[in-house]
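Undergrad: Here's a structure for you.
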Amino acid sequence: MVFNVLLYTSLFVFISGLIYKISTWFSWKIGFSSRGISKSERLIAAFKGMIRVIFSAKILILFKVFILDVMCQKRILKEDFLRWAMHMLIYTGFVLLLLMHALDKHITSFLFSEYYSTLNPFLFLRNFFGMMVIAGLAIAIYRRFILKVPRLKTNSMDYYAIIILAVIMISGFFLEATKITSFSDFERMVEEFSDVDEKEDVRALESLWVHEFGTVSPDLKEPFELKLLEHGREIHEANCATCHSSAKYAFAGYAVAKIINPIALLLDRAGSSNILWYIHFIACFFGLAYLPFSKMFHIIAGPISLLANAVMEKERSHPANIATRQVMELDACTHCGTCSLRCSSAVAFDALDNENILPSEKMVSLKSLIAGKKLSSKDLKAVQEGIYLCTNCDRCTVVCPVGINLKELWLNVREDLIQKGYPEPLLLSPFSFVRGLNRYDIPADEYYKPVEAAKQAVAGRFDSLIKQSPLILKGGGIEEFNQLSGDNTFSYCFSCNNCTSVCPVVSSFDNPEEALGLLPHQIMRCLGLGLIEMASGASMIWDCLTCYQCQEHCPQNVNVTDLFFGLKNLAIKNVKKA
Ligand code: HEC
Ligand code: SF4
Ligand code: SF4
Ligand code: SF4
Ligand code: SF4
């Protein structure tokens, strides 16, 4: 009764959770590309997309990805053998346990009419599969807490996943051990299944069970006479052997039974197998009910992500499907850290101490953001910084074991984040360049909004500095500058910092920014933003030795030194005017 209530409640929660989660894939909006696409459009597009794939040659790709990437986890194997072994052990062991043991009434009994959980090979296999999961868990704990794999961070979800699996497995083996040792079970069984009444016969059977099956009897202890055991075996063969293989085949449960042997009678009297039974089942049911809301949901979302990404192409896929896939990908992420290990911006994490620079951590923050959780302005700033610092190198996408297209995700979600404010890093990061390349995907007013905000933010920061310069250009615009200098190569600058790094003037100061106002690359950025006043206000242009090092080293052929001349000319002209 209690069992059924628990089972059906957890099944109900599981299924409702599943439906809810899948509905979020179609309703949550992620980033830029999902704007203006309705829920029903997304549902229809997904349905059409699936039909199109199923009835085309692409079905073969799905088949291949399912075998290699989902079943065999080839992507993880390529990355790290130990991790692959962990994953395979937990995943295969657990699935087999689920099918053979948890669903035995529906699957195993159906396939094998002679099935009893106490018979071989089921007895042995149950222990074997269970030990596979435990070995996998041991590797998981070793990797996380002893080997301390770099960039692998552990959050509450990761603890939860390890703990719930461990509780299920350990309670299972202890439950088996308390049953093996249980004298009351033995008595119950003898009563139910044997016709032995003679005291001598019962003693013989009991001796055999103590000797061979791990039963702990209150009166009988090893060693036993051979004859007694022989007699016991005859009774056993006649009454019990059809359902019982030797408990030793339950090697793990039997080993635990040996360990608890000294207190087994006490445990039996206290009804501990009942308690363990409840712990075991409640843990299983809780795991099931909570699965859609936990990290373990990647069991479902991961394969879907792998399959979807294998057949979807950015240019050809319906934008509605991309939006849906991107929300689903957040559920597929296992927080495994592989992307962070390869991320080319990860070096900045060591210097800036902002977790959100690592793609795996960005995924966690994005999940909260998309789910509508309010981030504090400090956290939002951290996420934005992480997003801006990404170099779009695509290394994360290539290695992600669940096939998440992270590059596309970043591009999409970044535009939304930029519009949320805090625009300064936009100017200082490689993203400004990528954003420029994607400019035609963004409505013009939205494209310029953050640029304007950034201009103001940067100008505000250097305000005090500009006012100090006597040669400041007042009111001179970029048009005037262009006319005078005839040089707009500054617009090719992508802030690589080369010019500043090679400049002998910059390197002669301990604190060059303070001494020179703006550094060469910053002056190029100012020109790019049309902040002529600010650019001409930097004493850098007057301190320049005109050695042309910067100009020669610029990979974009920006005429840095010549542009300085242009600025100086304009400034002098301005003074004359005044
Ligand atoms: C019809 C099949 C069947 C017969 C015959 C049978 N048993 Fe069992 N026995 C089982 C099953 C099934 C379990 C496990 C029940 C459970 O999981 O609670 C079990 C459990 C036990 C246990 C508890 C330990 C364990 O492995 O779960 C003991 C002890 C036991 N039986 C002893 C006996 C003895 C002694 C006999 C012969 C007199 C006997 N059984 C005959 C089916 C049988
Ligand atoms: S694309 Fe961005 S997040 Fe991904 S590895 Fe490169 S720098 Fe890191
Ligand atoms: S995005 Fe992919 S590689 Fe990165 S943590 Fe998530 S699953 Fe792992
Ligand atoms: S030309 Fe001027 S700014 Fe360029 S490297 Fe030489 S001193 Fe520095
Ligand atoms: S070297 Fe060229 S591209 Fe690099 S920051 Fe300087 S001006 Fe810009």
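The values are calculated or read from the model by the stated rules, or taken from the named source; none is laboratory data. Predicted, not measured: the structure shown is a model, and the values here were computed from it. Using ideal geometry, Cβ is built from the backbone for each residue, glycine included, and neighbour counts are taken over all protein chains shown.
Undergrad: How about region 383-413: which of its residues are in a helix (DSSP H, G or I), modelled with pLDDT of 80 or more and not aliphatic (A, V, I, L, M)? Give the steps one after another, and end with the answer.
TA: Going through region 383-413, the residues in a helix (DSSP H, G or I) turn out to be 383-389, 395-399, 406-413.
Then drop every residue that is not modelled with pLDDT of 80 or more, which leaves 383-387, 395-399, 406-413.
Residues satisfying the conditions are Gln384, Glu385, Gly386, Arg395, Cys396, Thr397, Lys407, Glu408, Trp410, Asn412.
Undergrad: Would you mind telling me which numbered condition in (1) under 23 Å from Gly337 (Cα atoms); (2) in contact (Cβ under 8 Å) with a residue 12 or more places away in the chain Phe81 fails?
TA: (2)
Undergrad: Assess whether Arg35 counts as being surrounded by fewer than 18 Cβ atoms within 10 Å (Cβ to Cβ) and not in a helix (DSSP H, G or I).
TA: Numbers: surrounded by fewer than 18 Cβ atoms within 10 Å (Cβ to Cβ): yes; not in a helix (DSSP H, G or I): yes.
For Arg35, the condition - surrounded by fewer than 18 Cβ atoms within 10 Å (Cβ to Cβ) and not in a helix (DSSP H, G or I) - is met.
Undergrad: Here is a check on your reading of the model: is Asp487 modelled with pLDDT of 75 or more, more than 16 Å from ligand 3 (Cβ to nearest atom), in a loop (DSSP other than H, G, I, E, B) and exposed (fewer than 15 other Cβ atoms within 10 Å of the Cβ)?
TA: Taking the combined requirement at face value, the residue does not satisfy it.
Undergrad: Another question about this same structure. Regarding region 525-545, can at least one residue be identified that is within 14 Å of ligand 4 (Cβ to nearest atom), under 42 Å from the mean Cα position of the chain (by Cα), outside any loop (DSSP other than H, G, I, E, B) and at pLDDT 90 or above?
TA: Among the residues of region 525-545, not one is within 14 Å of ligand 4 (Cβ to nearest atom), under 42 Å from the mean Cα position of the chain (by Cα), outside any loop (DSSP other than H, G, I, E, B) and at pLDDT 90 or above, which makes the answer no.
Undergrad: Which of the residues belonging to region 392-420 are on the phi > 0 side of the Ramachandran plot and within 10 Å of ligand 2 (Cβ to nearest atom)?
TA: Pass one, region 392-420, residues on the phi > 0 side of the Ramachandran plot: 392, 394, 403.
Of everything in region 392-420, those that are on the phi > 0 side of the Ramachandran plot and within 10 Å of ligand 2 (Cβ to nearest atom) turn out to be Asn392, Asp394.
Undergrad: State which residue is farthest from Thr338 (Cα to Cα) when the search covers only region 354-379 and only residues that are in contact with a helix residue (DSSP H, G or I) (Cβ under 7 Å, 6 or more places away or on another chain) and part of a loop (DSSP other than H, G, I, E, B).
TA: Top of the filtered list is Leu375.
Undergrad: In region 256-280, what count of residues is obtained for those that are of a type in the set (A, V, I, L, M) and in contact (Cβ under 8 Å) with a residue 24 or more places away in the chain?
TA: Restricting attention to region 256-280, the residues satisfying the condition of being of a type in the set (A, V, I, L, M) are 256-257, 259-260, 263-267, 270, 275-276, 279.
From the residues that got through so far, the ones that are in contact (Cβ under 8 Å) with a residue 24 or more places away in the chain too are 256-257, 259-260, 264-265, 267, 276, 279.
The total comes to 9.
Undergrad: Go through the residues of region 338-356 one by one and say whether even a single one is away from ligand 5 (no atom under 16 Å from the Cβ), out of contact with any strand residue (DSSP E or B) (no Cβ under 6 Å at 6 or more places or on another chain) and under 23 Å from Lys29 (Cβ atoms). Steps first, answer last, please.
TA: Keep residues of region 338-356 that are away from ligand 5 (no atom under 16 Å from the Cβ), which gives 338-356.
From the residues that got through so far, the ones that are out of contact with any strand residue (DSSP E or B) (no Cβ under 6 Å at 6 or more places or on another chain) too are 338-356.
Pick out the ones that are also under 23 Å from Lys29 (Cβ atoms) and you get 356.
Yes; the residues of region 338-356 include at least one that is away from ligand 5 (no atom under 16 Å from the Cβ), out of contact with any strand residue (DSSP E or B) (no Cβ under 6 Å at 6 or more places or on another chain) and under 23 Å from Lys29 (Cβ atoms).
Undergrad: Working carefully through the options Leu60, Leu82, find the one that is under 30 Å from Asn127 (Cβ atoms) and either basic (Lys, Arg) or part of a helix (DSSP H, G or I) (or both). Please lay out each step first, then the result.
TA: On the way: Leu60 fails: under 30 Å from Asn127 (Cβ atoms).
The unique qualifying residue is Leu82.
Undergrad: Are any residues in region 521-557 in contact with an Asp or Glu (Cβ under 9 Å, 6 or more places away or on another chain) and among the aliphatic types (A, V, I, L, M), and if so, which ones?
TA: Ile532, Met534
Undergrad: Let me ask something additional. Inside region 490-504, can you point out the residues that are under 9 Å from Pro555 (Cβ atoms) and either part of a helix (DSSP H, G or I) or away from ligand 2 (no atom under 16 Å from the Cβ) (or both)?
TA: First, the residues of region 490-504 that are under 9 Å from Pro555 (Cβ atoms): 494, 496, 498.
Correct list: Asn498 only.
Undergrad: Right, here's the next one. Condition (residue is within 16 Å of ligand 2 (Cβ to nearest atom) and either in the same structural domain as Arg144 (by TED's automatic domain parsing) or farther than 26 Å from Tyr160 by Cβ (or both)) applied to region 311-331: is it met by at least one residue? Working first, answer last.
TA: Just the residues of region 311-331 that are within 16 Å of ligand 2 (Cβ to nearest atom), to begin with: 314, 326, 329-330.
Pick out the ones that are also either in the same structural domain as Arg144 (by TED's automatic domain parsing) or farther than 26 Å from Tyr160 by Cβ (or both) and you get 314.
Yes - at least one qualifying residue is present in region 311-331.
Undergrad: Another question, then. Can you find, within region 207-222, the residue that is surrounded by the fewest Cβ atoms within 10 Å (Cβ to Cβ) among those that are in a loop (DSSP other than H, G, I, E, B) and β-branched (Val, Ile, Thr)? Break it down into steps so the answer makes sense when it comes.
TA: Let us first name the residues in region 207-222 that are in a loop (DSSP other than H, G, I, E, B), namely 213-222.
If we keep only those that are β-branched (Val, Ile, Thr) too, we end up with 215-216.
On the way: Thr215: 26, Val216: 23.
Among those residues, the one meeting the criterion is Val216.
Undergrad: Continuing with the same structure: Can you tell me which residues in region 347-366 are at pLDDT below 90, of a type in the set (Asp, Glu) and buried (at least 19 other Cβ atoms within 10 Å of the Cβ)?
TA: Result: no residue meets the conditions.
Undergrad: Which of the residues belonging to region 322-351 are part of a loop (DSSP other than H, G, I, E, B), among the hydroxyl-bearing types (Ser, Thr, Tyr) and out of contact with any His (no Cβ under 9 Å at 6 or more places or on another chain)?
TA: So the first thing to find is which residues in region 322-351 are part of a loop (DSSP other than H, G, I, E, B), and the list is 333-337, 343-345.
With among the hydroxyl-bearing types (Ser, Thr, Tyr) added as a condition, the list becomes 334, 344-345.
Ser344, Ser345 - these are the residues of region 322-351 that are part of a loop (DSSP other than H, G, I, E, B), among the hydroxyl-bearing types (Ser, Thr, Tyr) and out of contact with any His (no Cβ under 9 Å at 6 or more places or on another chain).
Undergrad: Looking at Lys373, Lys295, Lys314, Lys367, which is the one that is in contact with a His (Cβ under 7 Å, 6 or more places away or on another chain) and of a type outside the set (A, V, I, L, M, F, W, C)?
TA: Numbers: Lys373 fails: in contact with a His (Cβ under 7 Å, 6 or more places away or on another chain); Lys314 fails: in contact with a His (Cβ under 7 Å, 6 or more places away or on another chain); Lys367 fails: in contact with a His (Cβ under 7 Å, 6 or more places away or on another chain).
Every option except Lys295 fails the conditions.
Undergrad: Residues to consider are Gln556, Gln551; find the one that is surrounded by fewer than 23 Cβ atoms within 10 Å (Cβ to Cβ) and outside any loop (DSSP other than H, G, I, E, B).
TA: Details: Gln556 fails: outside any loop (DSSP other than H, G, I, E, B).
Exactly one residue qualifies, and that residue is Gln551.
Undergrad: Here is a follow-up. So which of Val13, Val53 ends up being modelled with pLDDT of 95 or more, buried (at least 18 other Cβ atoms within 10 Å of the Cβ), of a type outside the set (Ser, Thr, Tyr) and under 28 Å from His87 (Cβ atoms)? Reasoning before the result, please.
TA: Values: Val53 fails: modelled with pLDDT of 95 or more.
Result of the check over Val13, Val53: Val13.
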